[in-house]
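Step one of this worksheet: look at the structure below.
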Amino acid sequence: MHKRNKSEDKNKLDTSLQRLTAKSNLCFFCCILGGFSMGGGMAMHLAYRFHQDLAGVFALSSFLNKDSAVYQALKRNESVLPELFQCHGTADELVLYSWGEETNKMLKSLGVSTSLHTFPNLNHELSRTEIEKLKNWIVKKLPVEAAKTNE
C-alpha cells in the first residue's frame, strides 16, 4: 500500500543536504537541479529549503509528503523562488499522479512558479517526449550555457 503521509526523516535529510552543499563550490544561480522519482523530491528539498538561488528545479514522477518540511519553509519565505518544471505519467503506480498534482498545487499556492506536464498512460518511467520538453526548458533557463554546448 502506498503511504504518502509517511513522515520524512528530516534530520537525516537535512544533514545529507547540508553536507553536499558545504562540499560544493557551485555558482547556484547558474545551476538547474532535478531528478526522477525520489531524486526529484530531494531536488525540491534542496532548492526550496536551502538554495532558493538556483536557476530552476525539475521533478519527474516525484512528489512531496503532505506534511513536507518544504511547505513549512516556503510559508516563511519572502525571496524569489526557482521555477519548477514537473512531469508525471497518469499511469504511474509507484508515485501516483495525484501525488504529483497535489505537490504542484501546494507549491504553486506557496509562491512557486510551476508547470506540470501530464503524460497519459505513462507509468513510472521516462519518455522521449518528456526528455525533449525538459531539454527545451533547460535551454530556455540557461541559454548562454546551452548555446556553448550546442556549438
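Derivation of every value follows stated rules applied to the coordinates shown; laboratory data play no part. Predicted model, so just to flag it, every value in this text is computed and none were measured. Positions of Cβ are backbone-derived with ideal geometry, glycine not excepted, and every protein chain shown enters the neighbour counts.
Scan region 82-98 for residues that are surrounded by fewer than 20 Cβ atoms within 10 Å (Cβ to Cβ) and within 17 Å of ALA43 (Cα to Cα) and jot them down.
Within region 82-98, just GLU83 meets the criteria.
Taking PHE50, is it surrounded by fewer than 17 Cβ atoms within 10 Å (Cβ to Cβ) and of a type in the set (Phe, Trp, Tyr)?
Working: surrounded by fewer than 17 Cβ atoms within 10 Å (Cβ to Cβ): yes; of a type in the set (Phe, Trp, Tyr): yes.
When the stated conditions are applied, PHE50 passes them.
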